[in-house]
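As C-alpha cells, the structure follows; a few thoughts come after it.
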Amino acid sequence: MEIAEKVAEILCSRKYNRYKVQDRDRIRKLIQKKTEINEPIPIVGYWGITDKVGASERDEIALNFLEGINQRVLGTYDVGLQFTFLLSDSHAQLNGIELREYQYYLESMKEVMDSYTFNHYLLSDLNKSLDYSEIEFIPDDSLLESLQKGSRKLFRGDFEEGIEKYCSARITEKSIFEENFSDALFFTYNSPLYKPLFPDLPILYLKSSKNGSHPPWVKK
C-alpha cells in the first residue's frame, strides 16, 4: 500500500472521526500531492473563541488528541501533519461577547497552540475584505434544531437572530478557506448536517477526544 493510501486510512479512521468520512478519494489525492513534494499535510479548521476563563483541561485534551493523530501519521510519513486554526474572535463579537471578556481565553489558546507548533490566525485578520451582509439561507429541519441549540447557548440575544448571523457568517467565510487554504483538508467538530456551511474542501469530522466531539471552547 502506498504512503498516501496509508495516511488516508489513518486520517479517515473512525478511531479519529466521529462520523464516516465521505471525501476519501479527494483526501487521498491531496495527500498524494503533498507526499510527492515532501510537504506536511495541511489540516485547517475553526477554533471557537468564547468567554471561558483561559484554556482548560478540555482544550488541552483536544489539542493533545490532534497531536496524537500527527504522531500516528509520522509513523508512516515522516513529514507529518500541519494543523492550522482560525481563532474565531469575529464569531465571539457576533455573539455579543466583548473583547475584555474573551481576550484572556484567546491569548491563552495561542500560547497552548504554540507549544504544539500548531499554526493559528485571527479570523478578524483574514475577513477584513469580506461583505458580511445577511445571506438568505434556509436550513433543513435537522440542521435547524442543532443551530437552535447552539444559538441559545452562545448568542446573547434572540436565538433566531443568532442563527441568521451565524449562517451568514459561515457562508461568507467559505472563501477564506477556499482562497487561503485551497490545498488543505478541512476539519470540524460539527456533524455532516452542517455541510452546507462548510467550504469546498475535503472534510474530516474529527473527535475532540477519544470519547467524543464536544467543541472544547463551549461550556458544558
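Given the condition hydroxyl-bearing (Ser, Thr, Tyr), within 26 Å of PHE83 (Cβ to Cβ) and modelled with pLDDT under 95, answer yes or no: does some residue in the stretch 169-190 qualify?
Keep residues of the stretch 169-190 that are hydroxyl-bearing (Ser, Thr, Tyr), which gives 172, 175, 182, 188-189.
Right, trim to within 26 Å of PHE83 (Cβ to Cβ) and you get 172, 175, 182, 188-189.
With modelled with pLDDT under 95 added as a condition, the list becomes none.
Checking the stretch 169-190: not a single residue is hydroxyl-bearing (Ser, Thr, Tyr), within 26 Å of PHE83 (Cβ to Cβ) and modelled with pLDDT under 95.
Taking the criterion of being at pLDDT 95 or above and either touching a strand residue (DSSP E or B) at 6+ places or on another chain (Cβ under 8 Å) or not in a helix (DSSP H, G or I) (or both), the residues of the stretch 1-13 that qualify are VAL7, LEU11, CYS12, SER13.
Checking each residue of the stretch 95-114 against the condition of being touching a strand residue (DSSP E or B) at 6+ places or on another chain (Cβ under 8 Å), touching a residue at least 24 places away in the same chain (Cβ under 8 Å) and closer than 18 Å to SER208 by Cβ gives at least one match. Residues of the stretch 136-152 that are charged (D, E, K, R) and either surrounded by 14 or more Cβ atoms within 10 Å (Cβ to Cβ) or part of a helix (DSSP H, G or I) (or both): ASP141, GLU145, LYS149, ARG152. All conditions but one from (1) in a helix (DSSP H, G or I); (2) touching a strand residue (DSSP E or B) at 6+ places or on another chain (Cβ under 9 Å); (3) buried (at least 20 other Cβ atoms within 10 Å of the Cβ) apply to PHE83; the one that does not is (1).
Taking PHE177 as the residue in question, decide whether it is farther than 18 Å from PRO196 by Cα, among the aromatic types (Phe, Trp, Tyr) and either surrounded by fewer than 13 Cβ atoms within 10 Å (Cβ to Cβ) or touching a residue at least 60 places away in the same chain (Cβ under 8 Å) (or both). So PHE177 does not fit the description; no.
How about the stretch 116-135: which of its residues are surrounded by 11 or more Cβ atoms within 10 Å (Cβ to Cβ) and either among the polar types (S, T, N, Q) or not in a loop (DSSP other than H, G, I, E, B) (or both)? Break it down into steps so the answer makes sense when it comes.
Step one: list which residues in the stretch 116-135 are surrounded by 11 or more Cβ atoms within 10 Å (Cβ to Cβ), which gives 116, 118-127, 130, 132, 134-135.
The answer is ASN119, HIS120, TYR121, LEU122, LEU123, SER124, ASP125, LEU126, ASN127.
In summary, ARG26 fulfils each of the numbered conditions (1) in contact with a Pro (Cβ under 9 Å, 6 or more places away or on another chain); (2) of a type in the set (Lys, Arg); (3) without any contact (Cβ under 8 Å) to a residue 60 or more places away in the chain with the single exception of condition (3). Looking across the stretch 60-80, the residues that are assigned to a helix (DSSP H, G or I), under 23 Å from VAL7 (Cβ atoms), in contact with a strand residue (DSSP E or B) (Cβ under 8 Å, 6 or more places away or on another chain) and in contact (Cβ under 8 Å) with a residue 40 or more places away in the chain come down to ALA62, PHE65, LEU66, ILE69, VAL73.
Candidates GLU57, GLU5, GLU36: the one that is touching a residue at least 12 places away in the same chain (Cβ under 8 Å) and either surrounded by fewer than 17 Cβ atoms within 10 Å (Cβ to Cβ) or closer than 25 Å to TYR104 by Cα (or both) is GLU5. Restricting attention to the stretch 183-208, and to residues there that are in contact with a strand residue (DSSP E or B) (Cβ under 9 Å, 6 or more places away or on another chain) and in a helix (DSSP H, G or I), which single residue is nearest to PRO139 (Cα to Cα)? Per the stated criteria, the residue is LYS195. Taken residue by residue, the stretch 43-52 has no member that is modelled with pLDDT of 95 or more and assigned to a helix (DSSP H, G or I).
The values are calculated or read from the model by the stated rules, or taken from the named source; none is laboratory data. This structure is a prediction, so every number in the text was calculated from the model and none was measured. For neighbour counting, all protein chains shown are included, and Cβ atoms are generated from backbone atoms with ideal geometry for every residue, glycine included.
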